[in-house]
Amino acid sequence: MTMPWNRQKSEPSVERDYGDGDSLKLLPLWSIILAILVFVGSQWFFDSVPPPHRRPGSMPMHLIMCYMTSAALASYVLLIGYVSRDVRRRNMQAALWILIAVVMPGGIGAVVYFLLRQPIMIRCPNCSTELTSGVHYCPQCRFQVAPVCGQCFRGLQTTDAFCPQCGHNVAEDHAPCRLRDYNPDSD
């Protein structure tokens, strides 16, 4: 697995990396299609079943309630689809959490999932130890997996010239090549 700061532009992504901007890719296609079908089907159902009491002026409220109910049901299907894909990404028991999200009413199961889900794990490129995504060094082999300041040892972006915490000149640290940005002018 290549780290985001070490990935070349021309390198194809073999492993899916659902970063901050890729949240919609966590919705599986089956849940999107099922949500559309649920929305359209519930709209058809509510439109075909007349309201029990026909009062003058009650039709706009009936339409609003039909739309809101259909949207809530479709959103619930999308939420279950999101949980089904996110649970696998976090190496948790998929069947258990999908069952909890489906069975517990009103989306409470999904809220419980979001409260109790485990952090995303990454693998050390050197020894393949599972690490939480916020670490800078592997605890097994001391391999540096993320850039850090050489003075205060806090995390950095690869584009930082100076440490935002202590102001240290990062160029003096002689960071490993895998953690430096590619600069075509330096060749």
Ranked from fewest to most other Cβ atoms within 10 Å of their own Cβ, 113, 137 fall in the order 137, 113
Farthest towards the positive end of the dipole of the stretch 71-147, among 79, 143, 108 and with Cβ unit charges of +1 on Lys and Arg and -1 on Asp and Glu, lies the Cα of 143
How many nm separate the modelled label positions at residue 59 and residue 129, each set 7 Å beyond the Cα in the direction of the Cβ?
7.0
If the stretch 121-181 were replaced by its equivalent ellipsoid, with semi-axes equal to the square roots of 5 times the Cα gyration tensor eigenvalues, what would those be, largest first, whole Å?
22, 11, 9
Using only the C-alpha atoms of the stretch 23-118, find the volume of their convex hull and express it per residue in Å³.
109
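Where a number appears in this text, it was derived from the coordinates with a stated rule and is not lab data. None of the values given here were measured: they were computed from a predicted structure. Note that each Cβ is placed from the backbone with ideal geometry, even for glycine, and that neighbours are counted across all protein chains shown.
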